[in-house]
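Below is one structure, written out as structure tokens; comments come after it.
Nothing in this text is a laboratory measurement; each read-out follows from the coordinates by a stated rule. Bear in mind the structure is a predicted one, so any value in this text is a computation, not a measurement. Neighbour counts run over all protein chains shown; Cβ positions are idealised from the backbone, glycine included.
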Amino acid sequence: MQELVPFIQENMILAIVWIGLVVAIIMNVIKTSNAAYKEITAAQTTQLMNRENGIVVDIRTKDEYKKGHITDALHILPSDIKANNFGSLESHKADPIIVVCKTGQTAQESANLLAKAGFENVSILKNGLVAWSEANLPLVKGKK
């Protein structure tokens, strides 16, 4: 413990980097624990779809959606979600909703907005369609 102060003084940049990393981890834990959604795996997604009438909401662009999407996924743009334009999703407020994007990053805002709009069970696919593909799960191509 006595060597800590001299070490920090001699390695200021390293100490600042460590402090920054600790703060970032703490912020991430707080953000995740306060989120209105939960992150689920590809296997959990298939279970929700098959056993609990889970609805997949794909928020990628129309072209990305046409190149390959999860079977029976609804295509809703983030701008539509922001405008409270949920279309056929409106009748599924009590069903599990799984928001999907390419990597799992852009789905967070849409998932929070859906939860605020009254959807009771909102999740995001952790690591998005990248994780889905890595699990060798099928994608449907070409369909709107």
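For I98, the amide hydrogen comes within under 5 Å of the amide hydrogens of I55, V56, V57, S123, counting only partners 5 or more places away or on other chains and with H modelled in the peptide plane. A simple rule links phi to the HN-Hα coupling: the Karplus curve 6.51 cos²θ - 1.76 cosθ + 1.60 with θ = phi - 60°, which for region 12-25 gives 4, 5, 4, 4, 5, 4, 4, 4, x, 5, 4, 4, 4, 5 Hz, with x for Gly and Pro. Inter-part distance, region 1-35 to region 94-129, computed on C-alpha centroids, equals 31 Å. Restricting the calculation to Cα atoms, the chain yields a radius of gyration followed by a Dmax of 19.6, 66 Å.
Taking the chain as a Gaussian network of alpha-carbon nodes connected by springs under 10 Å, the highest mean-square fluctuation of the residues A73, A83, A43 belongs to A83. Charge tally for R51 (other residues, Cβ to Cβ under 15 Å; Lys, Arg +1; Asp, Glu -1): -3. A Förster radius of 35 Å combined with the Cβ-Cβ distance from E134 to K31 puts the calculated FRET efficiency at roughly 0.90. Here the Karplus relation 6.51 cos²θ - 1.76 cosθ + 1.60, evaluated at θ = phi - 60°, turns the backbone of region 72-88 into coupling constants of 6, 5, 8, 9, 10, 6, x, 5, 5, 5, 4, 8, 6, 9, 9, x, 5 Hz, with x for every Gly and Pro. Working note: 222 nm ellipticity from helices only, DSSP H runs with n ≥ 4, each -39,500 (n - 2.57), summed and divided by the residues of the chain, gives -13500 deg cm²/dmol to the nearest 500. If you take the beta carbon distance between D72 and E109 as r and set R0 to 25 Å, what does 1/(1 + (r/R0)^6) give as a FRET efficiency, to the nearest 0.05? For D72 and E109, the calculated efficiency is 0.60. Within the listed set E64, E120, E134, the residue fluctuating most in the Gaussian network model of the chain (springs between alpha-carbon atoms under 10 angstrom) is E134. Per-residue 3J(HN,Hα) values for region 113-129, derived from phi via the Karplus relation 6.51 cos²θ - 1.76 cosθ + 1.60 with θ = phi - 60°, read 5, 5, 5, 5, 7, x, 6, 7, 9, 10, 9, 10, 6, 4, 6, x, 5 Hz in sequence order (x marks Gly and Pro).
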